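As structure tokens, the structure follows; a few thoughts come after it.
Derivation of every value follows stated rules applied to the coordinates shown; laboratory data play no part. Here the structure is a predicted model, which means the values were calculated and not measured. Note that we place each Cβ from the backbone using ideal geometry, even for glycine, and neighbour counts take in every protein chain shown.
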Amino acid sequence: MSQSLLKMWISFAGMGLMIVAIFSIYLSRYKFSNGIIKGVTALFAYICMIVGGLIVAYVVLSGPTGL
């Protein structure tokens with residue numbers, strides 16, 4: 001597997017984590033009424049958002065790869 005292909009899959013993982021974060025934040029704000037479940041879901045969502053953002057930032061800031 002080339003370095004470019006590996007970076008592509010890593011960026012997909014980062015974007016996937018951001019999508020999971022969006023749905024988790026939606027669930028925690030509008031669907032759950034229990035405070036503990038809301039807090040745990042929101043914490044999970046924000047962790048996913050931070051990790052996904054760091055992954056995407058790494059892929060973007062690491063620059064282009066060779067062929």
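Points worth noting:
- Ile36 being hydrophobic (A, V, I, L, M, F, W, C), in a helix (DSSP H, G or I) and more than 19 Å from the chain's Cα centre (by Cα): yes
- Among the residues of this structure, Phe12 counts as one that is closer than 18 Å to Gly63 by Cα and either in a helix (DSSP H, G or I) or of a type in the set (Asp, Glu) (or both).
- All positions within the stretch 20-64 that are β-branched (Val, Ile, Thr) and either surrounded by 15 or more Cβ atoms within 10 Å (Cβ to Cβ) or under 26 Å from Met8 (Cβ atoms) (or both): Val20, Ile22, Ile25, Thr41, Ile47, Ile50, Val51, Ile55, Val56, Val59, Val60
- Of the residues Val20, Val56, the single one that is in a helix (DSSP H, G or I), in contact (Cβ under 8 Å) with a residue 24 or more places away in the chain and touching a Cys at 6+ places or on another chain (Cβ under 9 Å) is Val20.
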